[in-house]
Structure formats: structure tokens, C-alpha cells
1. On the principal axes of its Cα set, how long, how wide and how thick is region 282-336? Give whole Å, largest value first.
2. Let me check I've understood the local charge: for Gly255, count other residues with C-beta under 13 angstrom from its C-beta, Lys and Arg +1, Asp and Glu -1. What total comes out?
3. So for the chain, averaging the separation of alpha carbon pairs under 8 Å that are six or more residues apart and normalising by length, what relative contact order in percent results?
4. Which residues make up the longest stretch of the chain that has no trypsin sites (Lys or Arg not before Pro) in a DSSP loop with at most 15 other Cβ atoms within 10 Å?
5. I want to check the label-to-label distance for Lys207 and Asp33. Put each point 7 Å from Cα in the C-beta direction and report it in nm to one decimal.
6. So if a site counts as exposed when it's one of the chymotrypsin sites (Phe, Trp or Tyr not before Pro), its DSSP state isn't H, G, I, E or B, and it has at most 14 other Cβ atoms within 10 Å, what's the longest stretch of the chain without one?
7. Normalise the Cα radius of gyration of region 1-74 by 2.2 N^0.38 Å (N = residues in it) and let me know the number.
8. Apply the membrane-span-like helix rule to the chain: whole DSSP H runs, Cα extent along the own long axis of at least 27 Å, mean Kyte-Doolittle hydropathy at least 1.6. List the helices found.
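Just so you know, all these numbers are worked out from the coordinates, no wet-lab data involved. Since the structure is predicted, the reported quantities are computational estimates derived from the model, not experimental observations. As a convention, Cβ positions derive from the backbone with ideal geometry for all residues, glycine included, and neighbour counts pool all protein chains shown.
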Amino acid sequence: MVQINGNFKALSENYLFSEIAQKVTAYKANNPDADVISLGIGDVTEPLCESVIDAMHEAVDEMANRATFRGYAPACGYDFLKNAILENDYTSRGISLSSDEIFIGDGAKSSLGHFGDIFSVDNIVAISDPVYPVYIDANVMEGRAGWLLSNGRWSNIIYLECPPEKDFAAQIPERRADIIYLCSPNNPTGSVFSRQQLARWVEYAKKQKSIILFDAAYEAFISDPAIPRSIYEIEGAKEVAAEFRSFSKTAGFTGVRCGYSIVPKELVAYDGNGMAVSLNALWRRHQSAKFNGTGYIIQRAAQAVYSEEGKQQTAKTIAYYMNNAKTILKGLKYAGFKAYGGINAPYIWLETPNNMTSWAFFDKLLNECQIVGTPGIGFGPSGEGYFRLTAFAKAENVEKAIERIKKLI
Ligand code: PLP
């Protein structure tokens, strides 16, 4: 008899976005003339910039010619893209890395999701609450979460508190954790780690011989120069952290798929005999066994993000989204909401009024304002009483949505 990976049975169904879709479909069916505005899903709305499109066209032409055609890409990425990343995202910020510490992938979700393959299932994982749910699901699938799910929390996971009075920054736990997932700028709360906060995490990881998996998928949205964009801006972080980045939100690649992970050569974990093993070597082995490289056309498109025109064009789109974020934040505050994020991140996290549950507020916003957002409970039990709005929308819709919210209150 064929047996399944039993961990999948423990995995709870992710009903959040299907429940949202069902509610929106029902509302539209009952209100066919309603102008429903979505500020719910974290997907981009602006098209790819001209430089990226030109590079893709050029690469398509190369693929059409026998002399320039390319087959399998190198499993860990082409040098032209790795060098562009190195130069623009790291060397220029005073971080020294080498190109064989960069692994090009098809997005941050799959790299973060698969990275756990190189660790023992016995490791204790620490994850913030609320959180981007991928970190939890991946660990449930791999058997690290335990079997008991109680009040939305898995028995073997250490949940990191993210209190509002600490700007939702994940707090260092009292118990020892082996693998720690940190995300800055944060989805869903829109918070960012200061240099000091991140330095404390690096210090903790060094002391505990732990590893930080640092999700920097939204680093391009940081406007405050004092906020670290990379964990490697913190001294000693190369010994304790892998970093994950994405072109999805930076350059509108959600439907194109390209991202990268950084695994420094200094980064080690230990075998059963306590011998240090290079995670760079293990991740390279993993990628060459399970991944056949991101397509040439896509990697050329990503390289174009780093051309002078590409930088200007992507910066313009990010400014467009961040202007939306500003409008949302200002409007919510004017309407009397307690709202967070939206300054160095494209997400705005708000407290629901009058202690409403996050689903009750979802219904109110949909029924009375025709606005779709995301209930905070969908990101973990500590998300109850909160609500997420995204800046990924057309500016005119954002303006309209905020006017409606102001009238509601
Ligand atoms: N990390 C965070 C925090 C995200 O919010 C997302 C996407 O929403 C991702 C990673 C995944 O990005 P990608 O499209 O590169 O897989």
C-alpha cells in the first residue's frame, strides 16, 4: 500500500484566501453593480517596466537562433545575474560576498519553502505570530511542527511575540531555537527591524549556535536609510544567517518568477558528531539535485532591473505603491484607526475598531464600503483584532477606498 507523507494530514487547509474569494463572489452576485475595490491580496498591479520587457524580447530572439540558443541554465544561476546582484545589492552597500554565495531561484517562496530540506527534522523552529504562513506550512510538511495544533499554534514551534508596543518586531524567545525565521520589511505587519534589533538577533544566534533565515522580499520598499536592507549589514551575520530576496515585488515579477538566496560560506550547521558542515555546499547540492535553474529569459529580465533605466523605472513603480501606502495610512489615521506599517513596506496593519474580530471587520468593510482586505487572523492567532491592507492597487482605487472608509467612521 502506498503511504502518504503523514505530515500532510497534520497540515491545516489554508482557507483564508478561498474564504475571502467566496465572500466576495457572493457579495458581487447579490450586488452586481457594486464597485468592489481589492486591497487584499499581496500581488502587484503595475506591469513590468520597459527595460525588463526589452531584455525579455531580446532573450526570446536569442532563444530563436541556433547560435545563441540556451538549454538548461546553471542550477544556481548565470554569472551575469549573480554579478549584477553582487554589485548592486551588496558590494555597493559595503557587504562583501562572492558570486558562489548567491543562488538564483524562481522566487523567495520556493527557496524558503525548500531550505528546510537541508536541516534535521529535530531542530526547533521559531516563527513570529502573526506571520507569512509559508514558513509554518513548510515546517509542518517536513515534520518539525509537532502533531498538536492548539489555538492556532503548533506544539513544537516556538512562536515569537510581536507586540504592538514594540512596533510588531519579533521578540527574542526565552527558550533556545535552532532555526529562526525573520522577515523585514514584514508581511503582514509592515514593520521593519532597526539595526539594533537585528544586531540583537545576530548576537542571540551566535550565542545559541542558531541559524536565522532572513526574508528580505520587500527590502526595495525601505525608504529610511537607517533601516538595514540586508542582514549582512550587521557584523557577524554571515556566520549565522541566510538571506532570501525576490524580484516579485521589487520589479513586478510575481508572474515571471525570479528570486535569490544568499548562503555565505561561513554559515555552518552541525552533523550528528558535532562536526561543522557548510550550508553553502548543502544548498548547492540540494539545488543541483532538485532544481534545474531559472530560465535564461527570466534571468536576463532580472538582470535588466539593475540597468540604469531599469533602476529608475522600478523605483518609479515602487514610489507609486508607496504613495498608495501613504494615502492609506493617512486616511486611516484621519478616520481614527490605529494603523501601522506603510512607511518602509507596502502593507498597512490596522487595529479593528471596537474590538471587532478581524472577520467581522472584513464583512463590515465589504458590505458597507465595498473594500476587500485580509483579516489578521489569517496570519496567526495574534493577528486577531487586526486587518491588513495592501498598497498594491491602482492609485485612483486607493483614493476612492479611503474616501469610503472616512465616511464609514
Ligand atoms: N516572503 C514574503 C514575506 C512574502 O510576502 C512573499 C510573497 O507574498 C514571498 C516571500 C514570496 O515571494 P515570491 O513571489 O518571490 O515567491
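1. Projected onto the principal axes, the Cα atoms of region 282-336 cover 54, 29, 15 Å.
2. Working: positive: Lys249, Arg257; negative: Asp43, Glu46, Asp106.
That sum, taken over residues with Cβ under 13 Å, equals -1.
3. On the way: 768 pairs, mean separation 92.1, N = 409.
Normalised by residue count, the contact order of the chain is 23 percent.
4. Values: sites that count: Arg66, Arg70, Arg175, Arg176, Lys209, Lys265, Lys338, Lys394.
Here the longest segment lacking exposed loop sites spans 71-174.
5. 6.4 nm
6. Working: sites that count: Tyr15, Phe69, Tyr72, Trp147.
So the longest stretch without any such site is 148-409.
7. Values: Rg = 22.4 Å, N = 74, 2.2 N^0.38 = 11.3 Å.
Rounded to two decimals, the normalised Rg is 1.98.
8. In the chain, no H run is both long and hydrophobic enough.
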